[in-house]
Amino acid sequence: NWAAKHATLITTYTESAKQELVKIFHIKPERIAISRLGIDHTHFQPSSDQVKKNYILYVGQAFLRRRSKETIEAFALIANDFPELELILVGQDKYRPPILADLIEKTNQQLGRQRIYHHSYIQSDADLLKLYQQAKLVIYLSSSEAMGLPPLEGLAAGTPALVKDNDLNREIYGENAFFSASETDPQIIAKAMANALQNIEKQKEILAHREEVIAKFNWSKIADEWLNELRTICRN
């Protein structure tokens with residue numbers, strides 16, 4: 001509260017996050033600048049010989065608001081309808097206490113074989129990029145987020161994303177993503193997953209607008225915008 005009240009300038013990542021700051025802290029909008037995060041456009045690209053494999057990809061630290069537990073539960077609900085489909089999770093288990101190992105083992109047993117895989121960390125950027133490129137879907141259902149990079153990285157690598165339906169994600173993607181009305185209800189998530197996997201026309205439409213979405217998230221452009229904000233502060 002003190003910092004927000006006395007700062008010369010406040011920055012946040014998106015217009016949606018800015019409006020939340022205005023509402024919660026009663027800050028005048030002109031005191032808040034939007035300084036987006038970016039992605040490496042030279043790195044996150046579809047591969048020239050891109051071949052999709054039968055898995056959904058989750059990338060991000062796993063704790064309550066990132067909804068990895070609900071993602072696993074939703075996957076289990078559609079597993080019988082997609083018998084070759086797998087789920088790959090990348091990110092440290094930050095639940096307190098940790099829950100993913102037991103939940104994954106139990107769910108795999110229920111499904112009759114290993115169909116859910118968890119990697120706490122992937123050291124190679126090239127390996128992570130390949131996971132993005134070859135996935136059928138990137139899923140990122142965060143309850144609270146100023147901005148999340150994994151679904152944008154996935155889209156840049158040629159894979160549609162399933163995200164929470166809220167103002168933030170509508171601002172970022174417009175109609176160029178799949179949306180889940182809930183991030184806490186596995187039944188609703190499962191229906192959104194199934195739709196995203198089966199709606200081939202929508203997948204094509206999303207990828208056709210890929211460049212339009214990711215163009216706004218360019219590190220060079222963002223750095224220029226941020227430096228201009230600093231110059232304005234110095235002049236004043």
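The values are calculated or read from the model by the stated rules, or taken from the named source; none is laboratory data. Quick caveat, the model's predicted, so the values are computed rather than measured. Because the Cβ atoms are built from the backbone with ideal geometry, glycine has one as well, and the counts that use them run over all protein chains shown. Surface areas here come from the heavy atoms of the whole protein model, side chains and all, with no ligands, DNA or RNA. Shrake-Rupley method; radii C 1.70, N 1.55, O 1.52, S 1.80 Å.
Of the residues making up the stretch 1-34, those that are open to solvent by 100 Å² or more (accessible area, probe 1.4 Å), outside any loop (DSSP other than H, G, I, E, B) and at pLDDT 90 or above number 2.
Taken over the stretch 97-112, the residue count meeting the criterion of being surrounded by fewer than 18 Cβ atoms within 10 Å (Cβ to Cβ) and in contact with a His (Cβ under 8 Å, 6 or more places away or on another chain) is 1. For the stretch 55-96, a residue qualifies if it is open to solvent by 60 Å² or more (accessible area, probe 1.4 Å) and in a helix (DSSP H, G or I), and the qualifying residues are 64, 65, 69, 77, 80, 81.
For the stretch 35-54, a tally of residues being surrounded by 15 or more Cβ atoms within 10 Å (Cβ to Cβ) and either acidic (Asp, Glu) or in a helix (DSSP H, G or I) (or both) returns 0.
Only a single item in (1) closer than 23 Å to residue 199 by Cβ; (2) open to solvent by 30 Å² or more (accessible area, probe 1.4 Å); (3) without any contact (Cβ under 8 Å) to a residue 40 or more places away in the chain is not met by residue 153, and it is number (3).
Looking only at the stretch 184-236, which residues are within 30 Å of residue 65 (Cα to Cα), small (Gly, Ala, Ser) and open to solvent by 50 Å² or more (accessible area, probe 1.4 Å)? The answer is 215, and nothing else. Within this structure, residue 161 fails the test of being buried (at least 20 other Cβ atoms within 10 Å of the Cβ) and in contact with a Ser or Thr (Cβ under 9 Å, 6 or more places away or on another chain). Of the set (1) touching a residue at least 12 places away in the same chain (Cβ under 8 Å); (2) within 20 Å of residue 122 (Cβ to Cβ), all apply to residue 78 but (2).
Let's see how each residue does on (1) farther than 22 Å from residue 135 by Cα; (2) of a type in the set (Ser, Thr, Tyr):
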residue: 6; (1), (2): yes, no
residue: 12; (1), (2): yes, yes
residue: 23; (1), (2): yes, no
residue: 26; (1), (2): yes, no
residue: 38; (1), (2): no, no
residue: 53; (1), (2): no, no
residue: 57; (1), (2): no, no
residue: 72; (1), (2): no, no
residue: 89; (1), (2): no, no
